[in-house]
Amino acid sequence: MPTPEVRNVDPALIARAADWVATAERVVALTGAGVSAESGVPTFRGAGGFWRGRDLMELATPAAFARDPELVWSFYNDRRAKLATVEPNPAHRALVEIERRVPHFTLATQNVDRLHQRAGSRRVLELHGAIDEVRCSDCGRTSNRAGETLPALPRCDACGGLLRPGVVWFGESLPTGVFEQAEAEARAADVVLVIGTSALVYPAASLARLGRRVVEVNPDATPLSSEVTLSLRGKAGEIVPQLVPRTP
Ligand code: BJW
Ligand code: ZN
């Protein structure tokens, strides 16, 4: 077992991780809400994890939607409006650069905000769907409603059924094949970068235990911190740009 290195951001540790990325054939990045925190997007757990006094985790559930779809849509419509005002940050942009420089790179994100794609990332696996997408609760038809202001209770054009956000709630399956693809990539990876996730939500968190070397980037300790090859305690926007290989 490798010895985990848990301490503050020592430049020598960052350099070591950067060297692993620079010499890797295959890299996977698993990202979570923390990668978008410096763009101004709230994380799910911790101090920012509330909307109008409600715990975000109680709103992002099928039970909450069944009980009060208007409340849940109001939560998602607020987040959609907020996302229209934010921009990708240096961590998102650094991941685009890593993708350009590593022979085989895959980004598996738990985020629904599409900030990776807006930054320019190309090979993105969305484990928990996307807030731009909607799906009919009755006929299952999906559509992209990016940038639109939706009504309080949006309805399906085809059948009049209630639309729901195209995201994955607790107890729901991940989009067909997406997790399996991420798992195969992580298994084959020389380096798995785990950035800005509390690593509490499965099956996404299981990806962080695959790969030859695992490097965590997070200002706080997580259940993973004592297991990974290297735990870099710092903000994604500060650390990830330092992991970009310098070669063209
Ligand atoms: C920074 C930073 C900075 C701050 N820089 N970092 C065991 C095995 C498998 C499954 C389970 C299991 N036990 C239970 C389950 C089921 C469940 C689960 O995992 N529960 C656990 C809570 C115990 N999983 C599921 O239900 C999943 N589906 C599933 O398993 O299907 C099979 C199945 C079907 C039927 C029955 C049973 C099983 C689905 C999970 C869906 C998660 N959905 C959400 C909402 C998405 C929609 C939306 O956005 O509204 O996804 S929940 C929420 O958590 C969201 C996130 O993607 C996800 C992960 O959160 P994330 O990204 O880690 O955010 P935070 O806030 O937790 O952490 C942020 C981190 O950033 C912190 O660590 C900070 O320190 C850090 N940070 N600033 C870097 N500047
Ligand atoms: Zn429909």
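Within the stretch 182-227, the ratio Rg/Rh, alpha carbon atoms throughout and Rh by Kirkwood, equals 0.93. Near residue 174: Cβ cut-off under 10 Å, other residues only, Lys/Arg at +1 and Asp/Glu at -1. The net charge is -3. Computed extension length for residue 23-residue 220: 68.2 nm, one decimal, from 0.36 nm per residue of separation with the Cα-Cα distance subtracted. Hydrodynamic analysis of the chain uses the Kirkwood radius over alpha carbon pairs. Inserted into Stokes-Einstein at 10 °C and 1.306 mPa s, it gives a translational diffusion coefficient of 85 µm²/s. Extension gain for residue 141 to residue 68 (0.36 nm times residue separation, less C-alpha to C-alpha distance): 24.1 nm. Put a dot 7 Å past the Cα of residue 202, heading toward its Cβ, do the same for residue 247, and the two dots end up 3.9 nm apart. Evaluating 6.51 cos²θ - 1.76 cosθ + 1.60 at θ = phi - 60° for every residue in the stretch 125-138, the Karplus couplings come out as 9, 8, 6, 10, x, 8, 6, 5, 8, 10, 9, 6, 5, 9 Hz, glycine and proline recorded as x. Subtracting the Cα-Cα distance of residue 82 and residue 173 from their residue separation scaled by 0.36 nm leaves 30.1 nm.
Residues whose amide H lies under 5 Å from that of residue 214, counting only those 5 or more places away or on a different chain, are 192, 229, 230; hydrogens are built 1.01 Å from N in the peptide plane.
No value in this document is a laboratory result; all are computed from the given coordinates. As the structure is a computational prediction, the values presented were derived from the model and not from experiment. A quick note on method: Cβ atoms are made from the backbone with ideal geometry, for glycine too, and the neighbour counts reach across all protein chains shown.
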